[in-house]
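For reference, the structure discussed in these notes is given below.
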Amino acid sequence: MVALIPYITAGDPDLPTTAEALKVLDCCGSDIIELGLPYSDPLADGPVIQAAATRSLARGTNFDAVISMLREVLPQLSGPVSLFSYYNPILKGGIGKFMTIIKDVGVQGLVVPDVPLEETGILRMESSKNNIELGELRWGDWYSHQRQCPSLNSATRHQAGNI
């Protein structure tokens, strides 16, 4: 299966432009739109996304402002939006609270690139409870990791997919 899943960073160049970009991407046939929450230490991002996050943060973008923007724009979209967030901001506000907030605003998916496999249990539980699809990034050769790491195979057995 092939899907068009564009990625943009929230707040770059600003939140009103992000809202308009979400609408355009939706109208252009995106299957899912991935919206990155800017973070000050984006370890899993390349230089282009790191620069976008830096610009966004420099303009004062924060989680509450992104959620406020999403509350206005998501009802206007026909396709799902998935958030890309690092684990620390989720932990800071509380995993359950974070999941409830994104569910209530209409977000349908979440990717957390830096959560250790051993700590994904609570994320999986809370995302399932809130009907949020949790996509997990796995680096390297997927098949060799499955053979070498039974916990990876067990942890991902019931997921719709991995990125």
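The values are calculated or read from the model by the stated rules, or taken from the named source; none is laboratory data. Because the structure is predicted, anything quoted here is derived from the model rather than measured. Neighbour counts are summed over all protein chains in view; Cβ atoms, including those assigned to glycine, are modelled from backbone coordinates with ideal geometry. Remember, those area values only see protein heavy atoms, side chains included, never the ligands or the DNA or RNA. Shrake-Rupley method; radii C 1.70, N 1.55, O 1.52, S 1.80 Å.
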Need pairs with beta-carbon distance below 6 Å; first residue in contact (Cβ under 8 Å) with a residue 12 or more places away in the chain and within segment 58-81, second open to solvent by 80 Å² or more (accessible area, probe 1.4 Å); sequence gap 6+ or separate chains. Pro80/Gln108
Between a first residue in segment 1-27 that is among the acidic types (Asp, Glu) and a second residue that is open to solvent by 30 Å² or more (accessible area, probe 1.4 Å), which pairs have beta carbons less than 7 Å apart while being 6 or more apart in sequence or on different chains? Asp12/Arg55; Asp14/Arg59; Asp26/Ser78
Taking Phe98 as the residue in question, decide whether it is open to solvent by less than 20 Å² (accessible area, probe 1.4 Å) and within 15 Å of the chain's Cα centre (by Cα). yes
For segment 84-97, pairs from a residue that is touching a residue at least 12 places away in the same chain (Cβ under 8 Å) and under 13 Å from Asn130 (Cβ atoms) to a residue that is open to solvent by 50 Å² or more (accessible area, probe 1.4 Å) and not in a loop (DSSP other than H, G, I, E, B), with Cβ under 6 Å and 6 or more apart or across chains, are Ile95/Ile122
Can you find a residue that is open to solvent by less than 20 Å² (accessible area, probe 1.4 Å), of a type in the set (A, V, I, L, M), under 19 Å from Ile5 (Cβ atoms) and more than 13 Å from the chain's Cα centre (by Cα) anywhere in segment 52-61? yes
